[in-house]
Structures are given as structure tokens and as C-alpha cells.
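Okay, so here's the structure we're looking at.
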Amino acid sequence: MDSAANSIAYYRHDPSGIAESMILLIHGLGEHSGRYTEWIKRFNNTGIGIWSFDLPGHGNSSGKRGVMPFFEQVYDIIDDQFRVMREEYPGVSLFIYGHSLGGNIALGYLLNRKPLIDGAVITSPWILLTESPSPFKAAMSSLFLRIMPEMTLSSGLKTDYLSHDKGVVERYKSDPLVHGLISPRLFSEAEKNAAGLLRSADQIKLPLLLVHGRDDMITSPSGTVEVAEKAPNAILKLWDGGYHELHNEPFKEDHYILIREWIDTIG
């Protein structure tokens with residue numbers, strides 16, 4: 001792996017028996033892969049292995065909090081992970097699963113790298129934000145992108161709207177590996193990626209399962225709907241009343257069943 005990948009914290013969660021499918025999980029802004037441990041166990045218990053990593057500037061990976069390299073370098077990390085997964089699990093179906101910022105990255109990866117994998121699960125992706133930055137903030141971000149691209153500012157994430165489960169919200173707020181920061185370069189990369197997806201989602205030919213909560217106060221379901229309408233092999237599910245972290249909502253078991261049954265139809 002390249003130098004960027006050498007400082008990344010990687011994780012593997014293998015099923016107890018023979019793996020039926022393997023998933024590479026990409027987490028969201030400010031969080032880390034460790035927040036998905038209980039969710040991952042559901043997949044492991046039914047024969048699906050999940051590998052994950054903390055994005056640069058997140059969790060146990062190195063780098064200034066909230067600062068990430070250009071997404072092309074992140075795609076290199078993903079390519080390396082899939083290469084290792086193919087070596088260790090020859091012939092097993094491979095999927096990418098991206099949540100929020102991770103959904104933005106995963107979809108951009110599909111669009112730009114066109115990997116030989118079997119499909120993608122995308123939840124609550126950063127395509128359109130529920131609240132766009134004010135013109136002043138947008139102008140300042142553009143300025144800092146030119147002169148101080150790695151300066152960090154508050155992401156403004158509405159943590160109270162992550163889940164209806166207040167315990168999830170409190171654990172998020174007290175998690176020492178969680179941060180609320182974002183750099184101008186990271187914001188610019190995500191927005192540029194989102195714009196490209198809205199223009200060119202029709203070029204993503206792989207099977208997609210796109211899922212969003214109708215009441216998401218962080219990323220807008222309307223962006224997910226737009227991508228689903230353009231991508232030729234996309235299935236869209238909008239959960240009534242769902243906040244941002246669908247895997248932490250009261251209906252998470254139904255959400256899991258939806259994903260598991262879709263994987264079964266593909267793999």
C-alpha cells in the first residue's frame with residue numbers, strides 16, 4: 001500500500017463459518033468504524049464478513065482531525081482493500097457499503113474507478129445537504145480552500161438528529177474518537193463529488209441499494225432520489241420517519257433485513 005494507506009487503521013470482522021459475501025464498509029464524517037461493531041455482528045451472524053477502516057483524519061487513523069487527502073487517494077486505499085479481500089476470499093461476492101460521507105465516497109469510487117465488484121449499499125449519502133451553507137460561509141470556504149485548505153472548522157453536524165435513540169446520540173457525543181471538524185478541502189471534495197454524481201449517476205452500472213430516511217435532518221433524501229432515478233440498476237428505499245443513522249433507528253432490524261435480502265438477490 002502507498003504511504004497514505006500505511007497510516008490507516010484497518011479492521012476485519014469475519015463470520016464464524018464460510019463467508020457467503022464480503023463487504024467493505026466506509027463510515028461517515030467525524031465518526032469511525034468502531035461505532036458499527038454491533039451492526040456488523042448482525043451480518044457476521046448470517047455469513048457475511050465486513051472489513052472497514054477509519055478514514056484519514058478520523059478514529060484511530062493518523063492525520064489532523066477533519067482533514068482528508070484528495071478523494072483519489074482514498075479510492076487508492078479502497079482499491080488496495082478490495083485487492084486483499086479478493087486474495088483472501090477468492091470467488092466470494094464483494095460489496096461496498098457507504099454511509100453519509102462514506103456513501104458519497106463509495107458512489108464516487110464506483111463512478112470514477114468502475115471496480116469489478118458485485119454491488120453497493122449506500123445509506124443516507126452526502127449528495128445534497130439538508131441545509132446548504134450560507135453564501136457567506138460558502139465564500140469563506142472557497143477563500144480558505146485556496147489559502148488554508150487544511151484549516152478545520154466546526155462541521156455543524158446536528159448530532160441530536162442522528163437517531164431517535166437518545167442513547168445512540170449520547171454515546172456519540174461522549175465518544176473520544178468522534179470529532180466535529182471539517183476542512184475546506186474535505187468539504188470541497190465531497191461537494192465536487194456530489195455534483196459529479198448528480199450529473200453522471202447514469203454511468204454507475206452496478207446494482208445499487210440506495211436507502212434514506214425521509215426525516216433526515218443532515219443529508220437530504222432528495223439527492224438520493226435523484227441518483228436513484230439516474231442509475232440504471234438502482235433500488236431506492238425511503239424509510240418513513242427515519243433520521244440519519246438508519247442502522248441505529250428503532251426499525252434497524254427491518255433495515256438489516258432489507259439489506260440482507262437485497263444482497264441475497266445479487267450475490
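Couple of notes before you dig in:
- Over segment 3-266, Cα pairs under 8 Å with separation of 6+ residues give a relative contact order of 20 percent.
- Each Lys or Arg adds one and each Asp or Glu subtracts one; over the other residues with Cβ under 11 Å from the Cβ of Ser33, this totals 0.
- The structure-derived value of Cα extents along the principal axes in Å appears in the list (i) 69, 45, 42; (ii) 65, 53, 33; (iii) 52, 43, 39 under the label (iii).
- DSSP bridge analysis restricted to the chain gives an antiparallel fraction near 20%, rounded to the nearest 5.
- Extension gain from Glu72 to Asp165, taking 0.36 nm per residue of separation minus the Cα-Cα distance: 30.0 nm
- Listed by chain and number, the lysines whose C-alpha is less than 20 Å from the C-alpha of Lys252, apart from same-chain residues fewer than 8 away, are Lys41, Lys166, Lys237.
- Taking a sphere under 13 Å around the Cβ of Gly63 and counting the other residues whose Cβ falls inside, with K and R at +1 and D and E at -1, yields a net charge of +1.
- For the chain, the longest site-free run once trypsin sites (Lys or Arg not before Pro) in DSSP loop states with at most 12 other Cβ atoms within 10 Å are removed: 1-204
- In the chain, the DSSP-assigned H stretches of four residues or longer account for a calculated mean residue ellipticity at 222 nm of -12500 deg cm²/dmol, using -39500 (n - 2.57) per stretch and the full residue count as denominator.
- Potential extension, Ser188-Asn112 segment - 0.36 nm per residue separation minus Cα distance: 25.7 nm
- Summed side-chain charge close to His179 - residues other than His179 whose Cβ falls under 14 Å, Lys, Arg +1, Asp, Glu -1: +1
- Straight-distance crosslink candidates among lysines, where the alpha carbon sits under 20 Å from Lys192 and sequence neighbours closer than 8 are dropped: Lys114, Lys137, Lys230
- Whole-Å distance, taken between Cα centres, linking segment 6-79 and segment 176-249: 18 Å
Here, each number is a calculation from the coordinates, and none is a lab measurement. This structure is a prediction, so every number in the text was calculated from the model and none was measured. Ideal geometry is used to build each Cβ from the backbone, glycine not excepted, and the neighbour counts take in all protein chains shown.
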